[in-house]
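Working notes, structure below.
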Amino acid sequence: MPLDPQSIRQDFPILKRRLPGDQPLVFLDNAASSQRPQSVIDAMTDCYENFYANVHRGIHTLSEESTAGYEAARVTTQQFLNAASQREVIFTSGTTAAINLVARSWGDAHVTADDTILLTICEHHANIVPWHQLAERVGCRVEFLLINDDYSIDTETVAEALQRLQPKLFAFTATSNVLGTVFPVQQWAQLAKENGATVLVDAAQAAPHQAIDVQDWDADFVIFSGHKVCGPSGIGVLYGREALLAAMPPFLGGGAMIDRVTVDGFTSAELPEKFEAGTPPIVEAIGLARALQYLQDTGLNEIARHERDLAAAAEQQLRDVEGVNLFGPRQSEKAGIVSFTIDGVHPHDIAQWLNLRGIAVRAGHHCAMPLHEHMGLTATARASFYLYNTLDEVEQLVDAVKQTREKFARSGRRRRRSSISSSSS
Amino acid sequence: MISVDFHHFLVSIAFLPAMASVSSSMPSEQDIYEEHVLDHYEDPYNRGELASATHADEGKNPLCGDVVQVSLRLAGDGKVEEAFFDGHGCVISQASASMLMEEMEGKTPEEVKDFTAEQMLELFGPQLTPNRQKCCLLPWRVLQSALHSPLEEDEADDDAAHFSGPSLSEEN
């Protein structure tokens, strides 16, 4: 059954927000961060109001209850990913922290100067910079798969690169945060395995919009963030194959990740605590679990279809607007992301002008500078849709884009000389 | 090429009071794009390269990819005889560059140095949010560094050591 965005909107209190000029909020910046339903806010408030304490430590009622809530969140996350074991689910502070954890722990232990890390040009900085840093430490090479003119990457290109480079790690995003291209994770992971590469999948843009089965994907590491799946900020998930995680050295040192500490050294705790040093994001985990349940109750396939419909409608209409350029593959396998530019108008001015109409979009390089450079652009504007967006909002976006073009089109205006003195007063 | 972090002092000016009473005093984009600003954007003052420049520098705002070059010709008495800018970017950065070039001609190096970020924002006019202040201040900081970037060796600048601009840390 197709989802009903009007009924879903009732679940998200922030969508009632009015902007200056009494504009209703049209929130189209979901690829940067989504909004939260009341049930997530309530679950977190309930913890703070009724049973919050530190986890895995206190022999008292609140600590036992918080620990139970925190570990139940791990089970919910395990089920969301269809991971084989709870020990494969590590809570971090976000996608960036999770990728850094792998780069530091697995990377430092396994990657040498002779090795290559293979990425795609579509990665956001969180899946580029940690590997550049690893290269600085161990001297490995970092290589990038480029995109075709149609914003895709051929299977043959992937297979050829894997064969030629024999990378130690193939780390790629499941969905481009700029182009919306959805890559065939299972197929690429299979090719990587055939060439002996470890596989890391950045699912930050995939987890909000599709059912993920890490066993089907057969990836070694899968990573996503809470704040993009209607959950809280400050939490992310690292899924790792148990044998790999067990063999990896701990990353951050501190409380919770230890078995025993003496003046001479320490022994680390078992999985998953081994990688969760310090007080973890307890309330955030509880909120995340509620968000994952919300998405599953709504239906991830229905969510994905709804977003694709919205993005397709937006693209179709924007394509007809003179001066508008769209980036990304046409329909088929594409997420609900529409990146565009307008001839002669800087993306920051597009975003600022849309904001006047209550429309929130992202403008800039979307933390993907190599991709923009590859496309010969410094910046784009991006509208990204989620389950609570409507066709009516698409219309508003298209209307506002048309107005933007009119507003900033060069009209042959001349500077009024008299303004020189008045401007400096 | 310079890259400067304004964050530390930007928060202290203009915007925090607006944050306190969120929606009522947010600057309106209508104001940001007032005619005076668009006039400078479309009909800029001294846009282009100054062939006879004695000092020049370039800067960019990595957030949006805006690039601004400033080239100056300092006269024998040290005054800014001509100030040109070039580059590409949003309405705010390009219009503010035009306004600044116009304002700075005829000034002594000391007067240029004493021209503060606050004064630049005031010269621009419409109130800006912190992110757009960065756009507005890009030409200003390139101007400040251009003043200390002589194009010929024999014009080494004695004032460089006393430069009291913003700290030169990486923009994040």
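Bear in mind these aren't lab numbers, they're just calculated from the coordinates by the rules spelled out. Source: prediction; values computed, not measured. For neighbour counting, all protein chains shown are included, and Cβ atoms are generated from backbone atoms with ideal geometry for every residue, glycine included.
Determine the equivalent ellipsoid of the stretch A:51-188 by diagonalising the alpha-carbon gyration tensor, then write out the semi-axes as square roots of 5 times the eigenvalues, largest first, rounded to whole Å.
Rounded to whole Å, the semi-axes are 36, 19, 13.
Just need the relative contact order of chain A here, percent rounded to a whole number, with Cα pairs under 8 Å and 6+ apart. Write out the running numbers ahead of the final one.
Numbers: 797 pairs, mean separation 90.7, N = 425.
Relative contact order here is 21 percent.
Helix A:347-356: angle to the longest alpha-carbon principal axis of chain A, degrees 0 to 90, nearest 10?
Approximately 80 degrees, to the nearest ten.
Shielding of A:405-415 by partners, i.e. mean partner chain Cβ atoms within 10 Å per residue?
Numbers: counts 0, 0, 4, 6, 1, 4, 2, 2, 7, 3, 14.
Mean inter-chain Cβ contacts per residue within 10 Å come to 4.
With θ taken as phi - 60° and the coefficients 6.51, -1.76 and 1.60, list the Karplus ³J(HN,Hα) couplings across the stretch A:243-254 in order, rounded to whole Hz; mark glycine and proline as x.
With coefficients 6.51, -1.76 and 1.60, one gets 4, 5, 4, 5, 7, 7, x, x, 9, 6, x, x Hz.
Counting only other chains, what is the mean number of Cβ atoms within 10 angstrom of the Cβ of each residue in peptide B:86-93?
Working: counts 0, 0, 2, 5, 11, 8, 4, 2.
Going residue by residue through B:86-93 and averaging, the value is 4.
Add -39500 (n - 2.57) for each DSSP H run of 4 or more in the protein assembly as shown, then divide by its residues: what number comes out at 222 nm, to the nearest 500 deg cm²/dmol?
Numbers: 23 runs with 227 residues, N = 597.
The helix contribution divided over the protein assembly as shown gives -11000 deg cm²/dmol.
What shape does the stretch A:161-294 take by its C-alpha gyration tensor, where a ≥ b ≥ c are the square roots of the eigenvalues and a/c under 1.5 counts as rounded, a/b above b/c as prolate, and the rest as oblate? Please list the in-between numbers first.
Working: a/c = 2.65, a/b = 1.26, b/c = 2.10.
Judged from the Cα gyration tensor, the stretch A:161-294 comes out oblate (a/c at least 1.5, b/c at or above a/b).
Could you list A:S411, B:S71 in order of exposure, starting from the residue whose Cβ has the fewest other Cβ atoms within 10 Å?
Numbers: A:S411 9, B:S71 25.
Result, fewest neighbours first: A:S411, B:S71.
Given points 7 Å out from each Cα along the Cα-Cβ axis, report the B:D43 to A:A246 separation in nanometres with one decimal.
7.6
Based on other C-beta atoms within 10 Å, arrange A:F80, A:F266 from fewest to most. Please report the intermediate quantities before stating the final value.
Values: A:F80 26, A:F266 13.
Taking fewest neighbouring Cβ atoms as first place, the list is A:F266, A:F80.
Using only atoms on other chains, find how many Cβ atoms lie within 10 Å of each Cβ of peptide A:346-357 and report the average.
So the per-residue partner count for this stretch is 6.
Whole-Hz Karplus ³J(HN,Hα) for the stretch A:131-147, in order, using 6.51 cos²θ - 1.76 cosθ + 1.60 and θ = phi - 60°, x for Gly and Pro?
Ordered by residue, 3J(HN,Hα) equals 7, 4, 5, 4, 4, 5, 7, 10, x, 6, 9, 10, 10, 10, 7, 8, 9 Hz.
Could I get the Rg over Rh figure for the protein assembly as shown? Both from C-alpha atoms, Rh via Kirkwood, rounded to two places. Don't skip to the answer; put the middle values down first.
On the way: Rg = 26.5 Å, Rh = 26.4 Å.
Here Rg/Rh amounts to 1.00.
B:L74's amide H: which non-local residues (gap 5+, or another chain) put their own amide H closer than 5 Å, with H modeled 1.01 Å from N in plane and none for Pro or chain starts?
B:T54, B:H55, B:E81
Residue by residue, what Karplus-based ³J(HN,Hα) values in Hz, rounded to whole numbers, does the stretch B:92-104 have, using 6.51, -1.76 and 1.60 with θ = phi - 60° and x for Gly and Pro?
Whole-Hz 3J(HN,Hα) from phi for the stretch B:92-104: 5, 5, 6, 5, 5, 4, 4, 4, 5, 4, 4, 5, 7.
Can you give me the angle between helix A:282-298 and the longest principal axis of chain A, using Cα atoms only, in degrees from 0 to 90, rounded to the nearest 10?
That helix lies at roughly 60 degrees to the long axis.
Under a Cβ-Cβ cut-off of 10 Å, what is the net charge of the residues other than B:S71 that fall near it, where Lys and Arg count +1 and Asp and Glu count -1?
On the way: positive: B:R73; negative: B:E49, B:D57, B:E58, B:E82, B:D86.
The answer is -4.
What is the fewest-to-most order of A:Y386, B:Y33 by other Cβ atoms lying within 10 Å of their Cβ? All intermediate terms of the calculation are to be shown ahead of the outcome.
On the way: A:Y386 25, B:Y33 21.
Lowest count first: B:Y33, A:Y386.
Could you pull out every residue, at least 5 positions away or on a different chain, whose amide H is within less than 5 Å of the one on A:T173? Hs are placed 1.01 Å off N in the peptide plane, and Pro or chain starts have none.
Correct list: A:T120, A:D202.
Grab the beta carbon distance between A:Q10 and B:E35, set R0 = 45 Å, and tell me the FRET efficiency rounded to 0.05. Please report the intermediate quantities before stating the final value.
Working: r = 43 Å, r/R0 = 0.95.
Once the sixth-power term is evaluated, E becomes 0.60.
Holding the Cα-Cα limit at 27 Å, pick out from A:K16/A:K228; A:K168/B:K60; A:K168/A:K274; B:K60/B:K107 the pairs that are longer than that.
A:K168/B:K60
Mind ordering B:111-117, A:395-401 by average Cβ neighbours within 10 Å, highest first? Intermediate results must be reported in sequence, preceding the final value.
Numbers: B:111-117: 16.0, A:395-401: 19.6.
Ranked from most to least packed, the peptides come out as A:395-401, B:111-117.
Among the trypsin sites (Lys or Arg not before Pro) within the stretch A:19-93, which fall in a DSSP loop and have no more than 14 other Cβ atoms within 10 Å of their own Cβ? Mind dumping the intermediate values first?
On the way: sites: A:R57, A:R74, A:R87; in loops: A:R57.
Taking the stretch A:19-93 and a limit of 14 other Cβ atoms within 10 Å, the loop trypsin sites (Lys or Arg not before Pro) found are A:R57.
Of all the Cα-Cα pairs you can form in the stretch A:40-296, what percent are over 33 Å apart?
Details: 6587 of 32896 pairs.
In whole percent, the long-distance tail amounts to 20.
Are there any trypsin sites (Lys or Arg not before Pro) in the stretch A:310-353 that are in a DSSP loop and have at most 13 other Cβ atoms within 10 Å? List them by number.
Working: sites: A:R319, A:R330, A:K334; in loops: A:R330.
Passing both the DSSP loop test and the Cβ count: A:R330.
Could you list the GluC sites (Glu not before Pro) in the stretch A:267-300 that lie in coil according to DSSP, counting only those with at most 13 other Cβ atoms within 10 Å of their Cβ? Let's see the in-between values first.
Numbers: sites: A:E270, A:E273, A:E276, A:E284; in loops: A:E270, A:E276.
Answer by residue number: A:E270.
If amide hydrogens are placed 1.01 Å from N in the peptide plane, which non-local residues have theirs closer than 5 Å to the one on A:V142?
HN-HN under 5 Å from A:V142: A:I117.
How far, in degrees from 0 to 90, does helix A:300-319 lean away from the longest principal axis of the Cα atoms of chain A, to the nearest 10?
30
Going from the alpha-carbon gyration tensor of the stretch A:199-246, what semi-axes, largest first and in whole Å, does one get by taking the root of 5 times each eigenvalue? It would help to have the intermediate numbers written out before the result.
Details: eigenvalues 77, 33, 10 Å².
Those come to 20, 13, 7 Å.
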